[in-house]
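The values are calculated or read from the model by the stated rules, or taken from the named source; none is laboratory data. Worth saying up front: this structure is predicted, and the values here are computed from it rather than measured. Glycine gets a Cβ as well: all are built from the backbone with ideal geometry, and neighbour counts include every protein chain shown. SASA here: full protein model, heavy atoms, side chains in, ligands and nucleic acids out. Shrake-Rupley method; radii C 1.70, N 1.55, O 1.52, S 1.80 Å.
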Amino acid sequence: MQVHPIAKNILTIYRENFGGDPLILRAPGRVNIIGEHTDYNEGFVLPAAIDKASFVAVGKREDELIMLRSEDFHEVHEKNIAALTPSKDWTTYIMGVVDQLIKRGYPIHGFNLVIQGDVPMGAGLSSSASVECAVAFALNELFQLHIPALELIDIAQKAEHVFAGVMCGIMDQFISVLGKKDHVIKLDCRSMEYEYEPLVLKGVKIVLFNTNVKHSLASTEYNTRRNECNEGVAIIKEHVEGIHSLRDVTPPMLEQYLRPMYKTIYRRCKYVVEENIRLLEACEALKAGDIRLLGYNMFATHDGLSKEYNVSCPELDFLVDHVRDIPQVLGARMMGGGFGGCTINLVKEEFVDQLTANISKAYHQNMGKELTTYIASTDDGASIVHY
Ligand code: GLA
């Protein structure tokens with residue numbers, strides 16, 4: 001059995017620093033084929049877990065201390081379980097999970113933890129969710145808490161809300177825990193019902209181009225969008241019965257109640273309502289093997305995110321515009337929360353190398369920055385690493 005090199009490394013570090021044999025767990029990052037900014041509007045998403053993950057090695061302590069060691073940041077932090085507060089560094093994602101467990105009355109005490117991962121940070125691939133999920137999963141195992149998967153997902157999401165201050169939806173944590181290799185999940189974020197769909201892309205690769213920028217607007221604008229959507233719902237609710245979220249809103253309602261007086265809110269809500277429609281069509285296209293139609297919808301998603309939802313940036317727009325008219329690129333769009341991170345591209349296999357070379361050069365020339373490329377492979381959700 002092959003043990004992942006990161007798992008091996010944190011095992012060694014754990015033994016050297018704390019002694020004994022830890023539990024090792026991993027939780028992956030994700031891509032999202034389509035369905036962006038829909039999760040917190042009770043819509044649909046279509047993510048897949050990828051073969052990049054956060055790994056944690058954990059073991060119990062006899063006291064109330066939490067010793068955290070990051071091999072990515074080369075830092076050691078000591079915390080006391082009796083005094084948990086959010087911080088501005090990486091430990092907040094871990095302590096946010098501890099805080100949730102305590103608030104929910106789960107019996108945990110001190111522990112040692114070593115963490116390392118290969119989900120690129122700030123790339124829109126959910127590195128923070130992968131940390132939260134790996135930690136939630138690890139503490140569940142370590143203290144034998146028997147928390148079901150859906151509650152672990154909720155714990156990880158609330159950790160992000162309360163300790164990182166980002167009012168994220170459920171997509172990232174959900175896929176990090178429940179993802180399945182070679183599959184996407186079609187998740188209904190209202191009912192939390194989900195289906196695994198085989199990800200069959202015959203001769204087409206999922207290529208991620210990382211802008212290597214993360215504009216500081218990201219988290220504040222994210223929360224602002226969420227509020228704008230809620231405002232739209234509140235306005236329509238005054239006129240129409242039975243409206244709980246943008247999921248219940250139809251295009252004619254947007255025209256009638258928002259367009260005349262609320263220009264910005266109208267554009268935000270229009271994007272979300274249309275994105276749900278696009279996702280359902282894209283999902284059928286994927287099932288039917290019509291990757292071109294799927295890709296067409298991805299381009300439309302990008303345009304909506306860029307022009308109506310206003311969460312793109314010049315770097316992301318440049319990358320999507322660059323591939324728009326290339327026949328071997330079936331679809332492309334910005335992915336995740338926005339204001340930086342990656343674009344996701346569906347590219348004919350034989351064209352990947354040529355495209356990567358061209359676009360990297362063009363990106364450097366036009367944006368003055370380096371581009372990083374990843375070919376995404378799918379993987380399973382959170383799991384114990386046996387060694
Ligand atoms: C971030 C959030 C998700 C989702 C996406 C946008 O990744 O964590 O919940 O809202 O942005 O689709």
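Close amide H partners of VAL204, meaning residues 5 or more places away or on another chain with modelled amide H under 5 Å apart, are GLU349.
Share of carbon and sulfur in the accessible area of the range 302-387 stands at 48%, probe radius 1.4 Å. Checking every one of the trypsin sites (Lys or Arg not before Pro) in the range 58-139 against DSSP loop status and a limit of 12 other Cβ atoms within 10 Å picks out LYS88. I need to check one value: relative contact order of the range 62-190, counting alpha carbon pairs closer than 8 Å and at least 6 residues apart, in percent. After rounding, I find 26 percent. Dipole of the chain computed with +1 at Lys/Arg Cβ and -1 at Asp/Glu Cβ about the Cα centre; of CYS168, VAL97, VAL76, farthest Cα towards the positive end is CYS168. In whole Å, what is the distance between the alpha-carbon centres of the range 57-98 and the range 1-24? Distance between centres, Cα-based: 18 Å.
Ranking ASN9, ALA49, GLY35 by how far each Cα lies toward the positive end of the dipole of the range 1-73 (charges on Cβ) leaves ASN9 at the top. Entry comment: accessible area of the chain is 41 Å² per residue, from protein heavy atoms only and a probe of 1.4 Å. One decimal place: the segment LYS237-GLU284 gains 13.8 nm when fully extended, by the rule 0.36 nm per residue minus the C-alpha distance.
In a fully extended conformation the segment linking SER87 and ARG104 would gain 4.0 nm over its present Cα-Cα distance, using 0.36 nm per residue. With the convex hull of the Cα atoms taken as the outline of the chain, the averaged projected area works out to 19.8 nm². Remark: the range 223-361 carries a charge dipole of roughly 260 debye about the Cα centre, counting +1 on each Lys and Arg Cβ and -1 on each Asp and Glu Cβ. Overall, the accessible surface of the range 1-146 at a probe of 1.4 angstrom is composed of carbon and sulfur to the extent of 49 percent. Cross-chain or 8 or more residues apart, Cα under 30 Å: how many lysine pairs in the range 84-203 fit that? Count them up, please. Here the count comes out as 9.
Suppose every Lys and Arg Cβ carries +1 and every Asp and Glu Cβ carries -1, with no other charges. What dipole size does the range 152-268 come out with about its Cα centre, to the nearest 20 debye?
The calculated dipole for the range 152-268 is roughly 440 debye.
Using C-alpha pairs under 8 Å with a sequence gap of at least 6, the mean separation divided by the residue count of the range 129-179 gives a relative contact order of 46 percent. Could you check which residue among THR373, THR91, THR250 shows the biggest mean-square fluctuation in a GNM of the chain with a 10 Å Cα cutoff? Of THR373, THR91, THR250, the most mobile in the Gaussian network model is THR250. When the chain is treated as a Gaussian network with alpha carbon springs shorter than 10 Å, the biggest mean-square fluctuation among LEU294, LEU254, LEU217 belongs to LEU217.
In a fully extended conformation the segment linking HIS215 and LYS307 would gain 31.4 nm over its present Cα-Cα distance, using 0.36 nm per residue.
Which whole DSSP H helices in the chain pass both tests: a Cα extent of 20 Å or more along the axis and a mean Kyte-Doolittle value no lower than 0.0? What comes out of the filter, once short or polar helices are dropped, is 127-142. Between GLU255 and SER377, the modelled label-to-label distance comes to 4.9 nm, taking each label 7 Å out from Cα in the direction of the beta carbon. Taking VAL329, VAL76, VAL240 in turn, the Gaussian network model of the chain (Cα-Cα springs below 10 Å) assigns the largest fluctuation to VAL240.
Counting only heavy atoms of the protein chains and using a 1.4 Å probe, LEU23 has close to 60 Å² of accessible surface.
Dipole check for the chain: with +1 at the C-beta of Lys and Arg, -1 at the C-beta of Asp and Glu, and the Cα centre as origin, the magnitude is about 340 Debye. Across the accessible surface of the range 213-297, with the other protein chains kept in place and a 1.4 Å probe, carbon and sulfur atoms take up 52 percent. Taking GluC sites (Glu not before Pro) as candidate sites, keep only those in a DSSP loop with at most 10 other Cβ atoms within 10 Å, then name the longest stretch of the chain containing none of them. Free of exposed loop sites, the longest segment is 242-387.
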